[in-house]
1. Pick out the one residue from Ala301, Ala332 that is more than 27 Å from His58 (Cα to Cα) and at pLDDT 90 or above.
2. Of the residues Gly284, Gly308, only one is buried (at least 20 other Cβ atoms within 10 Å of the Cβ), in contact with a Pro (Cβ under 8 Å, 6 or more places away or on another chain), farther than 30 Å from Gly56 by Cβ and of a type in the set (Gly, Ala, Ser); which?
3. Just checking, does the range 311-323 include any residue being in a helix (DSSP H, G or I), under 20 Å from the mean Cα position of the chain (by Cα), surrounded by 20 or more Cβ atoms within 10 Å (Cβ to Cβ) and at pLDDT 90 or above?
4. Any residue at all in the range 246-261 that is under 30 Å from Ala99 (Cα atoms), surrounded by fewer than 20 Cβ atoms within 10 Å (Cβ to Cβ) and in contact with an Asp or Glu (Cβ under 7 Å, 6 or more places away or on another chain)?
5. Arg231 versus (1) within 18 Å of Pro43 (Cα to Cα); (2) touching a residue at least 24 places away in the same chain (Cβ under 8 Å); (3) charged (D, E, K, R): which is the lone unmet condition?
6. Can you name the residue in the range 38-97 that is among the polar types (S, T, N, Q) and loosely packed, with under 14 Cβ neighbours inside 10 Å and is also farthest from Met215 (Cα to Cα) among such residues?
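The values are calculated or read from the model by the stated rules, or taken from the named source; none is laboratory data. Quick caveat, the model's predicted, so the values are computed rather than measured. Every residue, glycine among them, receives a Cβ derived from its backbone with ideal geometry; neighbour counts consider all protein chains shown.
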Amino acid sequence: MARHAGRGRPLLTEGGRAVQLADGTVIKSDYVVLALGNFSPPPPAGPDLAYLTHPGYHADPWVAGNLRRIGPDEDVLLIGSGLTSVDVLLALRQDGHRAPITVVARHGRWPAAHGPISEPYPNFYPEPGPRNHRNGRSCRGEAAPARRHGPRRRLAAGARLPATRPGPHLGGLAAGGAAPISAAPGQPLGRGPAPQPPQNAEAIEALTAAGMVKMQVGTVREILPEGEKLRVRVRPHGTAGCWHTAHHVVCCAGPLLDYGRIADPLVVSLREAGDLTPDSLGLGLLTDEQGALRRRSGTLAPALFTLGPSRRPAYFESTAVPELRQQAAALAVEPGPAGWPITG
């Protein structure tokens, strides 16, 4: 597998695909695996989008060297209070940032700290099978005892990874149709941020107590350039809102998962060709059990596979390293659709 700069367009050829890069280079391959990771969140405010080209706006905090452009005494405003915001905040402090930081969040709370787990939850999962709804009933049946006897996170951890014992994982529950993964169209599944390590929670609490971090409850409605700074209008629920001014605004709202909205040229070309299909909840792509892309027609796209966050609709826990490693290993050894071997 070769790594080349720029994303291109996979073209179907006899016996495989040819990937055309932005610079015109064509790479022929028997199979193409889309390991695209996460895409930057959409613009958090409008209608004036002039701020997107302002040097103080950071659409993707993980772009190499992005946060290093922030001076130690420059004002910073973070949009969102999830795990990305926690990582950015602690990274800035580690790099010697001294100025106060404002965090704008709709619900005004940080991720809860992980509690201690002394031992794994007992294996309650029945034998897996296609569309095995007994698996979902088993999870729901264990929820009440789990609440009585300790943190429910033990139950989730027991369902997520088999660890050192034979057992299930959350992806298997989702793929078997048993996990309670449902929501109204356009509505997010998650409610509240995911947990964070206790040491991070303690660090944020100390910074808040020292006045170095301020939480502002509300939603960002406008971002306007003002010389070297940016003006941000924050509107709490039921109020007219207020304005904040900062040298830097960092969008920590989380990745864009809806492949119907992603404007990346590679994704657009595949979407227009009907070779990929976004799922109805905006979580990723429709695939088969091995990660083969499902076309708009419902058939499988020849020689096209994916892994990682794009597989969340069928393999819900699809972002952490253990799950990514499992997906990559399975894809490398299992035959593809119609008996195509991924490896020789």
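1. When all the criteria are applied, what remains is Ala301.
2. Gly284
3. yes
4. Yes, the range 246-261 has at least one match.
5. (2)
6. Ranking the qualifying residues of the range 38-97, first place goes to Thr53.
Here's the yes/no breakdown for (1) farther than 17 Å from Pro313 by Cα; (2) at pLDDT below 95; (3) not hydrophobic (A, V, I, L, M, F, W, C); (4) not in a strand (DSSP E or B):
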site	(1), (2), (3), (4)
Ile223	yes, no, no, no
Arg231	yes, no, yes, no
Val234	yes, no, no, no
Gly238	yes, yes, yes, yes
Thr245	yes, no, yes, no
Val249	yes, no, no, no
Gly254	yes, yes, yes, yes
Ser269	yes, yes, yes, yes
Leu281	no, yes, no, yes
